[in-house]
1. Scan (1) within 23 Å of Gln102 (Cα to Cα); (2) surrounded by fewer than 20 Cβ atoms within 10 Å (Cβ to Cβ); (3) touching a helix residue (DSSP H, G or I) at 6+ places or on another chain (Cβ under 6 Å) for the single condition Gly164 breaks and write down its number.
2. List the pairs whose first member sits in the range 151-173 and is free of Cβ contacts under 8 Å to residues at least 40 places away in the same chain and among the aromatic types (Phe, Trp, Tyr), whose second member is crowded, with 23+ Cβ neighbours inside 10 Å and assigned to a helix (DSSP H, G or I), and whose Cβ atoms are under 7 Å apart, counting only residues at least 6 apart or on separate chains?
3. Give the residue, chosen from Tyr123, Tyr169, Tyr97, that is under 30 Å from Ala62 (Cα atoms) and open to solvent by 60 Å² or more (accessible area, probe 1.4 Å).
4. Given the conditions (1) on the phi > 0 side of the Ramachandran plot; (2) in a helix (DSSP H, G or I), report the number of the one that Gly93 does not fulfil.
Amino acid sequence: MKRVVCMVALLVVNGFAWADGWIRGNSGVIMLQQQAERSDKDAQFTLGMAYENGLGVERNAALARKWYEAASSQGHIVAPYHLGLMYYQPESGRPDYVRARQWFEKAAMRGMPPAMMFLAGMYRHGLGGERDDRRSVELDEQAALRGYPGSQNSLGLMYLEGVGKPQNYALAKQWFERAEAQGESAGAFNLGRM
């Protein structure tokens with residue numbers, strides 16, 4: 001059964017259309033549901049993805065959150081990030097920045113660089129809680145050091161503009177180059193500004 005979960009997760013990563021066809025064609029949802037109910041955190045996460053994106057099932061945000069929360073409670077690294085996104089950018093209704101921030105915090109503590117970047121922005125702008133520029137810089141720096149290109153670009157901007165970090169053009173250029181090398185267009189743009 002682990003093979004089923006890994007196959008669906010791989011298909012989800014590589015293309016929703018493939019995953020959707022695989023789930024429908026092989027009763028994948030039923031198998032995932034059985035594994036998820038047996039507390040398999042990877043199956044719970046994958047089932048959350050299925051409900052969030054309508055892969056083999058009707059889209060259902062409440063069920064997506066249920067399965068992401070179940071996976072997160074067992075230590076799944078990516079599930080709290082997806083919960084944070086669901087509250088930060090809901091399909092309908094207003095964002096719930098307090099809950100988004102709580103879930104991004106959990107994902108960031110588990111080492112998830114995209115969550116660190118979202119959380120850095122939330123601290124920078126005071127979304128879902130107090131504004132904290134020092135914490136914002138720390139989070140962007142942690143994500144940048146883990147190789148996350150969006151945060152590498154942000155760190156480059158901090159050094160370029162002297163905001164949150166002492167102004168240092170050499171370090172700004174270094175971070176922009178790292179971001180650009182990973183395909184981050186903003187890194188290339190900012191290199192051109194120097």
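The values are calculated or read from the model by the stated rules, or taken from the named source; none is laboratory data. As the structure is a prediction and not an experimental result, all values here were calculated from the model. Glycine gets a Cβ as well: all are built from the backbone with ideal geometry, and neighbour counts include every protein chain shown. Just so you know, the surface numbers come from the protein's heavy atoms only, side chains and all, with ligands and any DNA or RNA stripped out. Shrake-Rupley method; radii C 1.70, N 1.55, O 1.52, S 1.80 Å.
1. That leaves (1) as the condition not met.
2. Tyr159/Ala172; Tyr159/Trp175
3. Going through Tyr123, Tyr169, Tyr97 in turn, the sole match is Tyr97.
4. That leaves (2) as the condition not met.
To keep it simple, each residue is scored yes or no on (1) more than 17 Å from Ala79 (Cβ to Cβ); (2) out of contact with any strand residue (DSSP E or B) (no Cβ under 8 Å at 6 or more places or on another chain); (3) among the small types (Gly, Ala, Ser); (4) at pLDDT below 50.
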site	(1), (2), (3), (4)
Leu11	yes, yes, no, yes
Trp22	yes, yes, no, yes
Ala43	no, yes, yes, no
Gly48	no, yes, yes, no
Val57	yes, yes, no, no
Asn60	no, yes, no, no
Ala64	no, yes, yes, no
